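Chemist: A single structure is presented below for examination.
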Amino acid sequence: MKRLNNSQPLAVAVQYAPLNTSMKIVPQGGMSTMQFYRQTTQQWIPDHTHAYAYDENGALVDGPLMLMPEWSIIDTDNVLDTSALYPTVFWYVDDMQITDTNATKDFYLSGNALVVRKNFTHLKGGVVYCELHFTDTRTGSPFVLSDSIPLSAILHADEQWSIQILNDRTRKHFPLAYGDTQYAFEAAAYIGSNEKTDIVTWFWDFSEDNGVSWNEIDGDCLWYVSGKNSNILTIDMDFTENILLRCRINTSPTGTKPDIPNEATASIAWRFPALRPVVYSYGGDRVIAETSEMTFGLIVHNPKHSDLSLAQQREWLLCDWTLRKQGSKDTPMSLAESDVMVSVSDKLLRNSSDIKYIADPQCSLRGPFAKLQTSSGDDILSSSGLTITARS
């Protein structure tokens with residue numbers, strides 16, 4: 001018999017079905033993790049600083065909140081006696097581990113339970129996190145199970161503050177249609193259904209980036225008219241194209257800054273008209289022997305309204321007149337004129353090649369008034385020290 005030395009052995013490994021695991025944090029005694037809070041009397045229901053109290057059905061209605069971890073570990077192969085697995089329990093409140101067993105503390109351990117003796121408010125709650133650690137003795141693999149629950153309070157409905165904007169919260173300014181450019185935004189404050197507008201302190205601020213950042217109303221806000229510390233704020237849309245406004249309150253009539261998170265916002269923006277400028281010539285569109293110059297002007301149609309008057313044109317339109325050959329791709333010749341009327345010498349128009357010229361105003365609609373500044377960014381002031389503005 002000859003021994004073969006090139007046989008291939010086979011390695012055999014034991015494979016177990018994965019454990020089925022779950023866990024959750026369960027309040028004991030039927031008590032809720034949500035409290036009701038009465039701000040004026042500093043009362044909580046339930047009050048976690050009180051002794052345990054039960055109703056006639058034996059349900060826990062007052063006193064500390066006890067939280068227990070409940071878990072399930074199932075071995076579908078029935079190799080493990082999962083009832084003999086006792087995980088190690090770890091408790092955390094707002095990311096801080098609780099290890100104290102002193103029953104006078106806000107949070108303490110009682111066996112595997114966490115006991116909460118602290119009350120929460122609608123402004124500040126807490127988060128409880130629990131971890132269970134155990135080892136699968138079949139494989140030596142560690143397991144970690146976890147769950148978390150929030151702890152918070154709800155302000156009683158009759159004590160909830162609210163702020164309301166009484167106007168349309170999204171408004172439009174039609175700059176060429178309305179004579180009055182000032183707008184008032186009125187707000188009201190309530191506790192429940194009771195109006196408290198006159199007994200609070202008001203604070204208005206503004207945002208120019210759709211609420212990403214907020215700014216105080218100060219002397220640089222040319223659009224501000226009045227009311228930044230009252231419930232009615234008045235602004236002038238001749239000095240801003242769009243703005244988001246926010247009002248907040250201090251619940252005291254002598255407050256110096258907002259003391260509750262409630263707020264209300266409103267916005268207003270220009271709605272530019274769809275103007276249609278049409279060029280015309282005062283002397284017709286022909287260059288004749290007697291022509292020494294041609295004067296071009298505009299008829300500006302404003303849909304649903306009268307055509308713009310010459311005064312309105314000069315207030316609202318900025319022109320950049322050019323002259324170009326019809327059908328040519330050459331760069332247009334600038335006439336260096338920004339008025340709504342321009343006079344062109346006949347020498348620029350006469351030719352013997354049947355070339356037609358086009359006078360193009362290249363109109364832009366002016367926006368709100370803005371400060372005039374030097375190239376270094378300094379404001380240009382009048383002789384009396386006032387800021388000089390012009391439509392941008």
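The values are calculated or read from the model by the stated rules, or taken from the named source; none is laboratory data. Here the structure is a predicted model, which is why all the values come from computation and not from measurement. Because the Cβ atoms are built from the backbone with ideal geometry, glycine has one as well, and the counts that use them run over all protein chains shown.
Chemist: I'd like the residue in region 15-41 that is aliphatic (A, V, I, L, M) and touching a residue at least 40 places away in the same chain (Cβ under 8 Å) and, out of all such residues, is farthest from residue 65 (Cα to Cα).
Modeler: Here the residue is 17.
Chemist: I would also like to ask the following. Give the residue that is surrounded by the fewest Cβ atoms within 10 Å (Cβ to Cβ), with candidates limited to residues of region 194-225 that are aromatic (Phe, Trp, Tyr) and under 30 Å from residue 388 (Cβ atoms).
Modeler: 214
Chemist: Within the group 44, 91, which residue is crowded, with 16+ Cβ neighbours inside 10 Å and in contact (Cβ under 8 Å) with a residue 60 or more places away in the chain?
Modeler: Working: 91 fails: in contact (Cβ under 8 Å) with a residue 60 or more places away in the chain.
After ruling out the rest, the residue left standing is 44.
Chemist: Given the conditions (1) of a type outside the set (Val, Ile, Thr); (2) surrounded by 14 or more Cβ atoms within 10 Å (Cβ to Cβ); (3) at pLDDT 90 or above; (4) part of a loop (DSSP other than H, G, I, E, B), report the number of the one that residue 16 does not fulfil.
Modeler: (3)
Chemist: So which of 99, 121 ends up being under 27 Å from residue 36 (Cβ atoms) and either surrounded by fewer than 18 Cβ atoms within 10 Å (Cβ to Cβ) or over 36 Å from the mean Cα position of the chain (by Cα) (or both)?
Modeler: Within the list 99, 121, the selection yields 121.
Chemist: Also, I was wondering about something else. Restricting to region 31-43, count the residues that are among the hydrophobic types (A, V, I, L, M, F, W, C) and more than 17 Å from residue 115 (Cα to Cα). Explain how you work it out, then say what you get.
Modeler: Our first condition is that a residue be among the hydrophobic types (A, V, I, L, M, F, W, C); within region 31-43, this holds for 31, 34, 36.
Going one step further and asking which of them are more than 17 Å from residue 115 (Cα to Cα), we end up with 36.
Result for region 31-43: 1.
Chemist: A further question on this structure: Does residue 184 meet the test of being modelled with pLDDT of 95 or more, closer than 30 Å to residue 229 by Cβ and not assigned by TED's automatic domain parsing to the domain that holds residue 307? Full working, then the answer.
Modeler: On the way: modelled with pLDDT of 95 or more: yes; closer than 30 Å to residue 229 by Cβ: yes; not assigned by TED's automatic domain parsing to the domain that holds residue 307: yes.
It is true that residue 184 is modelled with pLDDT of 95 or more, closer than 30 Å to residue 229 by Cβ and not assigned by TED's automatic domain parsing to the domain that holds residue 307.
Chemist: Looking at (1) loosely packed, with under 13 Cβ neighbours inside 10 Å; (2) under 28 Å from residue 98 (Cβ atoms), which one does residue 4 not meet, given that it meets all the others?
Modeler: Against the list (1) loosely packed, with under 13 Cβ neighbours inside 10 Å; (2) under 28 Å from residue 98 (Cβ atoms), residue 4 comes up short only on (2).
Chemist: Which one of the conditions (1) assigned to a loop (DSSP other than H, G, I, E, B); (2) within 38 Å of the chain's Cα centre (by Cα) does residue 23 fail to meet, given that it meets all the rest?
Modeler: That leaves (1) as the condition not met.
Chemist: Of these, 40, 49, which one is of a type in the set (Ser, Thr, Tyr), in contact with a helix residue (DSSP H, G or I) (Cβ under 8 Å, 6 or more places away or on another chain) and not in a strand (DSSP E or B)?
Modeler: 40
Chemist: May I pose another question? Scan region 383-392 for residues that are over 16 Å from residue 219 (Cβ atoms), without any contact (Cβ under 8 Å) to a residue 24 or more places away in the chain and in a loop (DSSP other than H, G, I, E, B) and jot them down.
Modeler: Within region 383-392, 383, 384 qualify.
Chemist: Could you list, in sequence order, all residues of region 352-377 that are exposed (fewer than 10 other Cβ atoms within 10 Å of the Cβ) and not hydroxyl-bearing (Ser, Thr, Tyr)?
Modeler: 354, 377
Chemist: List the pairs whose first member sits in region 120-138 and is in contact (Cβ under 8 Å) with a residue 12 or more places away in the chain, whose second member is among the small types (Gly, Ala, Ser) and loosely packed, with under 14 Cβ neighbours inside 10 Å, and whose Cβ atoms are under 8 Å apart, counting only residues at least 6 apart or on separate chains?
Modeler: That search, which allows pairs on different chains as well, returns 127/148; 128/148; 129/148; 130/148.
Chemist: Further question: With the requirement that a residue be exposed (fewer than 12 other Cβ atoms within 10 Å of the Cβ), hydrophobic (A, V, I, L, M, F, W, C) and more than 30 Å from residue 174 (Cα to Cα), what does region 292-343 give you?
Modeler: Passing the criteria: only 336.
Chemist: Quick one: which strands (runs of 3 or more DSSP E) sit completely within region 259-373 and have at least 1 residues that are under 30 Å from residue 213 (Cα atoms) and modelled with pLDDT of 90 or more?
Modeler: 264-270
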